[in-house]
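Written out below as structure tokens is the structure these notes cover.
The values are calculated or read from the model by the stated rules, or taken from the named source; none is laboratory data. Treat the numbers as computed from the prediction; the structure is a model and nothing was measured. Positions of Cβ are generated from backbone atoms using ideal geometry, with glycine treated the same way; all protein chains shown enter the neighbour counts.
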Amino acid sequence: MLPFTMISFLKLFRHGRAFLFSHAMNITVGPKEDRHLMTGLHTVADVHCVDCREVLGWKYERAYEASQKYKEGKFILEKSKIVRDNW
């Protein structure tokens, strides 16, 4: 179980819908890299589950466009990676 604070529910990403969080626990953060995402160029780092090591999403390290600066330091976690049906 991942305790965190959800900021918003977002539309489609690599594997479907995703959530934007201000905090995340039980994760490790990988190396930073620049990626061209739907909202422009960002420096991001993949985040992995500490138990199974699966990629759950990414952390926004830097946003290059002023309108995207609110994402810096926040996490995208893909719904399909953190929610199970029929628990």
Point to revise | Top-ranked residue in region 12-34 [being charged (D, E, K, R) and modelled with pLDDT under 95; ranked as farthest from residue 79 (Cα to Cα)] | key: 14
Exercise for review: Tell me, yes or no, whether region 71-79 has at least one residue that is at pLDDT below 95 and surrounded by fewer than 17 Cβ atoms within 10 Å (Cβ to Cβ).
Suggested key: yes
Check your understanding: When region 56-87 is examined, which residues are found to be of a type in the set (Phe, Trp, Tyr) and in contact with an Asp or Glu (Cβ under 7 Å, 6 or more places away or on another chain)?
Key -> 58, 60
Check your understanding: When residue 37 is evaluated against the numbered criteria (1) touching a residue at least 12 places away in the same chain (Cβ under 8 Å); (2) within 20 Å of residue 17 (Cα to Cα); (3) surrounded by 14 or more Cβ atoms within 10 Å (Cβ to Cβ), which criterion, by number, is the only one it fails?
Key -> (1)
Practice item. May I ask you to verify whether residue 2 is part of a strand (DSSP E or B), modelled with pLDDT under 90 and not β-branched (Val, Ile, Thr)? Key: no
Exercise for review: Only residues that are free of Cβ contacts under 8 Å to residues at least 24 places away in the same chain and within 17 Å of residue 25 (Cβ to Cβ): list them for region 74-87, please.
Suggested key: 83
